[in-house]
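Before any comments, here is the structure.
The values are calculated or read from the model by the stated rules, or taken from the named source; none is laboratory data. Bear in mind the structure is a predicted one, so any value in this text is a computation, not a measurement. All Cβ positions, even for glycine, are placed from backbone atoms using ideal geometry, and neighbour counts span all protein chains on display.
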Amino acid sequence: MMQTINGAPKNKDVQCDKIIKEDKGIMSTTWDLYDSFVALELSAASVQQPVLDSASKENTKRSLIESSSKGSVLKDRDQRGQGSTTEKNSEASSIMEIENVILAKMHDDEEDNSDAIFKSEKFHQDLFFMERVIMENIFQPKLAAYRQLPILKEPEPEEPEDLLEGEKVEEVEEEVKREEEEEIEIDAEQSTIPANLERLWSFSCDLTKGLNVSSLAWNKTNPDLLAVGYGHFGFKEQKKGLACCWSIKNPMWPERIYQSPYGVTAVDFSIGSPNLLAVGYHNGTISVYNVQSNINVPVLDASESPQKHLGPIWQLQWIEQDRGTTGEDKREILVSISADGRISKWIIRKGLDCHDLMHLKRTTTSFSKKGVEKEKKGEALISRQAPGMCFAFHPKDTNIYLAGTEEGHIHKCSCSYNEQYLETYRGHKGPVYKIAWNPFCHDVFLSCSADWGVIIWQQENPKPFLSFYPTTYVVYDVAWSPKSSYIFAAANENRVEVWDLHISTLDPLIVHVANPGIKFTTVLFAKQTECLLVGDSDGQVAVYELRNMPIALDSGRRDVIDTLLGPRSN
């Protein structure tokens, strides 16, 4: 019986120095071999001939040239030496030339291979996913807050194994208690903090710096894809425009970039074909791009159409309309409104076919002593066309739409009539920049204007129902919240306001002031999260999280007029 104790075997890894390998090669064709053998034969024959001549001369005239034989032999040796050296030099030079050719070819092959790799679709796709992974690691806390997910904490370094299990358990329990106390303190602090906006990040790059954000639009299928239009609003300061498609997964650089010599004034994604992006320009043209393709050329273009607009396109939108009485058969049209006074629909057939829905005309009114409006007489207008600024189709009946004009009126129109208004809403004293229907109460809509005001309207009443004039600045954009019928946001020149009509109709719930020299131009609520997007005059689209917002009531999703403002309507 063996009494020797054999220890437990151990595996040890030994690392040696890196073995350096070097491969060399040379190419020799059949003609190279043939030329080399011919050159050797010629050199051998040229060496043997002077040797034979010198031997015959020594046999016949040995006595006469005995003194000069040594010189001739030395001369022959010199010639043979020179022949051998030239032969060696020629062989060495030929080998060097071959090596240089081979090295140059190998270098060209390497460059061709690297170019092929850089241009391959697989390589670009791998870089695309790698970039997204890096961006998600960098912006993880911000993206988690945007999606209302818990923030992942970095793993702490492992503790040494010498600690006892009891100590570990105690430390874990203490950490859990500490975290619970911190959460309780944070909840208590947040309960006392009023509603506010916290900036998460902004969509911006070098290409968008200094441009006005003119339009924002979410993709109808992919809620992470955002289209942004960039341009200038003034006629005298027109510069190159830009339309970009941004993804939430990469806040640093847009997925698609469409450049134009004209400013972009409106963008919108298609409903039936979410890969189609319609872009309206300041010169009156419309382009449709396929965002699935990397080619930056529009698939449809109205620049050569004889029915194109003669003024800037201030808004365009894809609308699904019923083709039959059942409502099951629908077709999608593209509707645009322009400063030339036309509201047009564009149908995709072989190209973009245009048909006018309405020619906006100016209306002349005056006030009598009792305040009743009546038509003016004896006044001649310079132009009968009223420039259109915005429109909004009814969320249920897509045959009805509202159109805002530069003179401050809002006209209720029908797609079945192109010569007459169904109703005219008078209340604004300046151009109407935006109209938005309430997503839950379909008889209520919102409008903003250059007269510093925001007005809530009831569809059956041509007079304003509620008016808001919180500042003396132009209101460029308004938007309803997709989660509450009482909450809306407004973008003034110097601040963004978030209103909650259930809490107050006098003061906004949240006020966020812009930086000096910056103007807010557009607002848009996120579809699935508690976030607000705000565009400004410096080319930035900031993403804000709405914090400590009041919980939306179910009753507020039914009817604003009846539940909240009913006593005033009586």
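Just a few scattered comments:
- Residue check: Ala491 meets all listed conditions (1) buried (at least 19 other Cβ atoms within 10 Å of the Cβ); (2) without any contact (Cβ under 8 Å) to a residue 40 or more places away in the chain but one, namely (2).
- Where strands (runs of 3 or more DSSP E) fall entirely within the range 277-384, those with at least 2 residues that are out of contact with any helix residue (DSSP H, G or I) (no Cβ under 8 Å at 6 or more places or on another chain), hydrophobic (A, V, I, L, M, F, W, C) and at pLDDT 85 or above are at 286-290, 313-322, 330-338, 342-348, 352-359.
- Every pair of residues 6+ apart whose Cβ atoms lie under 7 Å, when the first sits in the range 287-312 and is under 27 Å from Glu255 (Cβ atoms) while the second is acidic (Asp, Glu) and at pLDDT 85 or above: Ser287/Asp301
- Test: Gly535 is on the phi > 0 side of the Ramachandran plot, in contact (Cβ under 8 Å) with a residue 60 or more places away in the chain and either surrounded by 17 or more Cβ atoms within 10 Å (Cβ to Cβ) or assigned to a strand (DSSP E or B) (or both): no
- Taken over the range 254-264, the criterion of being surrounded by 16 or more Cβ atoms within 10 Å (Cβ to Cβ) and closer than 14 Å to Asp206 by Cα is satisfied by Pro254 alone.
- Selection within the range 265-289 - within 13 Å of Asn219 (Cα to Cα) and either in contact with a Ser or Thr (Cβ under 6 Å, 6 or more places away or on another chain) or surrounded by fewer than 18 Cβ atoms within 10 Å (Cβ to Cβ) (or both): Val267, Ile271, Gly272, Ser273, Pro274, Asn275, Leu276
- Residue match in the range 385-392 (condition: in contact with a Ser or Thr (Cβ under 7 Å, 6 or more places away or on another chain), under 16 Å from Asp322 (Cα atoms) and modelled with pLDDT of 90 or more): no
- One residue alone among Val496, Val444 is under 22 Å from Pro550 (Cβ atoms), aliphatic (A, V, I, L, M) and either surrounded by fewer than 19 Cβ atoms within 10 Å (Cβ to Cβ) or in contact with a helix residue (DSSP H, G or I) (Cβ under 7 Å, 6 or more places away or on another chain) (or both), and that residue is Val444.
- Residue in the range 251-273 that is in contact (Cβ under 8 Å) with a residue 40 or more places away in the chain, in contact with a helix residue (DSSP H, G or I) (Cβ under 9 Å, 6 or more places away or on another chain) and among the aromatic types (Phe, Trp, Tyr) present: yes
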